[in-house]
Amino acid sequence: FTAYGPTDQQSEDRAIRTAKALASNHVGVIAWSRDADLALGDYGPPKVLFTNGEVPDME
């Protein structure tokens, strides 16, 4: 099967809606977010918003 890379979404709500729309056509989908300070290059831990099917562990 083909794995597709991440895509940026404009909001958490949009990410969840997109993941739900993809869920019926894919083995697994995940929507997640994290806080970021782009100026410093610092990223917080991922926060899972939605999963369906088989997805990798986020840790």
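Read the figures in this text as sums done on the coordinates, not as results from a lab. Just so it is clear, the model here is predicted, and its values are computed rather than measured. Because the Cβ atoms are built from the backbone with ideal geometry, glycine has one as well, and the counts that use them run over all protein chains shown.
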Between residues in region 6-21 that are in contact (Cβ under 8 Å) with a residue 24 or more places away in the chain and residues that are part of a loop (DSSP other than H, G, I, E, B) and of a type in the set (Lys, Arg), which pairs lie under 6 Å by C-beta distance while being six or more apart or on different chains? none
What is the residue count in region 1-22 for residues that are outside any helix (DSSP H, G or I) and of a type in the set (Asp, Glu)? 1
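Looking at region 28-42, which of the residues that are closer than 17 Å to Met58 by Cβ and part of a loop (DSSP other than H, G, I, E, B) is farthest from the chain's Cα centre (by Cα)? Break it down stepwise before answering.
Let us first name the residues in region 28-42 that are closer than 17 Å to Met58 by Cβ, namely 28-36.
Going one step further and asking which of them are part of a loop (DSSP other than H, G, I, E, B), we end up with 34-35.
Values: Arg34: 10, Asp35: 13 Å.
Checking each candidate, the answer is Asp35.
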Taking into account only those residues within region 20-36 that are touching a strand residue (DSSP E or B) at 6+ places or on another chain (Cβ under 8 Å) and surrounded by fewer than 11 Cβ atoms within 10 Å (Cβ to Cβ), which is nearest to Pro6 (Cα to Cα)? Arg34
